Amino acid sequence: MPFPTYMNTQLTEPNVQWMMINFSTLFFFIFFLVLQVASGGNEEWKTCREGSEQSPVDVNHKLMQIEKRNGSLITSYGSSDATMKNNGYEVILQWMNGTAGHLLIEGKKFMLQQCHWHSPSEHTFNGQRYPLEMHMVHSSSEGEIAIIGVVYELGAADIFLSPKVMRNVKYLKDKQQDEVLMGSMLPPLIERTTPYYRYLGSLTTPPCSEGVVWSLVHDVQTVSLEQVKLIRAAINNINNARKIQPINGRSIYLYEPEMDEEHRDFK
């Protein structure tokens, strides 16, 4: 099934030249070069260079398999205290002690830890990038990682990137502060009926650990140009997207839930 043609022609207009290859691309290259040099004999970071199941990947409909066994994305989120951090490479919204809820995969709970943003998108779809991608990072009690990815095209403002969130992003940028308290925050809503892509990959930043269960939401969301510009400005307008990694024979599954689908394990 072809990926829907959501790409917005605004991305090539002059008023969004920040999306084009520029100095930030060089910064990103230097960032990974420094990390590799700094890692020295660190065998854990060796995975970034030599791993066979790395992320991000290109979601190509020609390689897609339709899968009915995965079930819909079952999430249970609630408001919890959070902090916002700026590490110079990513803006991260982190919930306290995994108390914001969980994602359920095959009966196992993966607790929501944090979400962060990449611009442009890390994953591509039939070779096309989007201006923004959000990652919702979850972990199990055994340390396994599952990530929900959401991509955005330019359009109406994203509801989760509320005025409260954007004020704090601006504060981090203007004050050159690396952390700010957010108070109680409700995570983004993930509809149980949303179609999604599933594959096995890795973290996209060192140590690039593999075995990560990726769930990429099929439906492209919208975000305003102002929201993207502010997120990018907070990290000095770098393009913080890792290059596409080889698929190496991995399968990418598309799951389209049915409206009357039943689940016995919502808890």
The lone condition ASN248 fails out of (1) of a type outside the set (Ser, Thr, Tyr); (2) loosely packed, with under 14 Cβ neighbours inside 10 Å; (3) touching a residue at least 12 places away in the same chain (Cβ under 8 Å); (4) farther than 24 Å from ASN126 by Cα is (4)
Filtering the stretch 66-109 down to residues that are of a type outside the set (D, E, K, R), within 20 Å of ILE235 (Cα to Cα) and part of a loop (DSSP other than H, G, I, E, B) yields ASN87, GLY88, TYR89
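Say we look at the stretch 156-190 and pick out the residues that are in a loop (DSSP other than H, G, I, E, B) and free of Cβ contacts under 8 Å to residues at least 40 places away in the same chain; which of these is nearest to GLY88 (Cα to Cα)?
Here is the first cut: in the stretch 156-190, the ones in a loop (DSSP other than H, G, I, E, B) are 156-162, 175-178, 186-190.
Applying the additional criterion that residues be free of Cβ contacts under 8 Å to residues at least 40 places away in the same chain yields 159-160, 162, 175-176.
Numbers: ILE159: 24, PHE160: 22, SER162: 22, LYS175: 13, GLN176: 10 Å.
In this case the residue turns out to be GLN176.
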Residue pairs within 7 Å by beta carbon, gap of at least six or interchain, first lying in the stretch 216-229 and over 23 Å from LYS173 (Cα atoms), second outside any strand (DSSP E or B) and among the polar types (S, T, N, Q), listed first then second, are VAL217/THR194; HIS218/THR194; ASP219/THR194
Looking across the stretch 85-97 at residues that are surrounded by fewer than 23 Cβ atoms within 10 Å (Cβ to Cβ) and hydrophobic (A, V, I, L, M, F, W, C), the single one that is nearest to ASP178 (Cα to Cα) is ILE92
Of the residues in the stretch 143-191, those that are in contact with a helix residue (DSSP H, G or I) (Cβ under 7 Å, 6 or more places away or on another chain), surrounded by fewer than 20 Cβ atoms within 10 Å (Cβ to Cβ) and of a type in the set (D, E, K, R) number 2
Considering the stretch 98-142, residues that are in contact with a helix residue (DSSP H, G or I) (Cβ under 7 Å, 6 or more places away or on another chain) and surrounded by fewer than 23 Cβ atoms within 10 Å (Cβ to Cβ), and then whichever is farthest from PRO188 (Cα to Cα), we arrive at ASN126
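Within the stretch 213-255, which residues are over 30 Å from GLN176 (Cα atoms), among the aliphatic types (A, V, I, L, M) and assigned to a loop (DSSP other than H, G, I, E, B)?
Taking the stretch 213-255 and keeping what is over 30 Å from GLN176 (Cα atoms), we get 213-220, 244-255.
Remaining after also requiring among the aliphatic types (A, V, I, L, M): 213, 216-217, 220, 244, 247, 252, 254.
VAL220, ILE244, ILE247, listed by residue number.
Tell me which residues, restricted to the stretch 201-230, are over 19 Å from MET111 (Cα atoms), in contact with a Lys or Arg (Cβ under 9 Å, 6 or more places away or on another chain) and of a type in the set (A, V, I, L, M, F, W, C).
Initially, the stretch 201-230 is screened for residues over 19 Å from MET111 (Cα atoms), giving 204-208, 218-230.
Narrowing further to those that are in contact with a Lys or Arg (Cβ under 9 Å, 6 or more places away or on another chain): 204-205, 207-208, 230.
Answer for the stretch 201-230, where residues must be over 19 Å from MET111 (Cα atoms), in contact with a Lys or Arg (Cβ under 9 Å, 6 or more places away or on another chain) and of a type in the set (A, V, I, L, M, F, W, C): CYS208, LEU230.
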Report yes if some residue within the stretch 38-56 is modelled with pLDDT of 95 or more, under 29 Å from SER224 (Cα atoms) and touching a strand residue (DSSP E or B) at 6+ places or on another chain (Cβ under 7 Å); otherwise report no.
-> yes
Matching residues in the stretch 133-155 (out of contact with any Phe, Trp or Tyr (no Cβ under 8 Å at 6 or more places or on another chain) and assigned to a loop (DSSP other than H, G, I, E, B)) number 4
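The values are calculated or read from the model by the stated rules, or taken from the named source; none is laboratory data. Please read all numbers here as calculations on a predicted model, not as lab measurements. All Cβ positions, even for glycine, are placed from backbone atoms using ideal geometry, and neighbour counts span all protein chains on display.
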